[in-house]
Amino acid sequence: MKNLISTDTQGHLSLNLEPKSTEYRVLVNEAGQILLDPITNIPDREQWLWQNPEALAAVKCGLAQAAKGEVHDLGDFSKYADLEIEDE
């Protein structure tokens, strides 16, 4: 960890650290100290999955089965491509 760094002529700060994320929440306290909090940004349309342990477990199980090659060809579903889906 560096003890002292300076901004460049444009006011940019280079930390030269190994990044833990590609996105960070920036928090600044009353003393002007800056905390970079690594985050994962999940779109609203996918957030439900992370909030539903049963559904998330089912998806993880399916991914593990697919990784092991435990898949079954269910045929062509293209005839359903234009089917209207109703929200509950």
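Where nothing but the Cβ of Lys and Arg (+1) and of Asp and Glu (-1) is charged, how large is the charge dipole of the range 1-79 around its Cα centre, in debye to the nearest 20?
The calculated dipole for the range 1-79 is roughly 120 debye.
Over all distinct Cα pairs, what is the inverse of the mean 1/r for the range 13-88, reported as the Kirkwood hydrodynamic radius in Å?
17.5 Å
So which aspartates and glutamates pass the test for Lys20, namely a Cα distance under 19 Å, with those fewer than 8 places away in the same chain ruled out?
Excluding near neighbours in sequence, the set is Asp37.
Just name one of Pro43, Ala81, Leu63: the one whose Cα is farthest towards the positive end of the charge dipole of the range 29-88 (beta-carbon charges, Lys/Arg +1, Asp/Glu -1).
Leu63
Residue separation times 0.36 nm, minus the C-alpha to C-alpha distance between Leu36 and Tyr80: what's the value?
Full extension of this stretch gives 11.3 nm more.
Taking only C-alpha pairs under 8 Å that are 6+ residues apart, what is the relative contact order of the chain in percent?
13 percent.
Taken together, the values in this text are just the output of simple stated rules run on the coordinates, not laboratory data. None of these values were measured; they are calculated from a predicted model. Note that we place each Cβ from the backbone using ideal geometry, even for glycine, and neighbour counts take in every protein chain shown.
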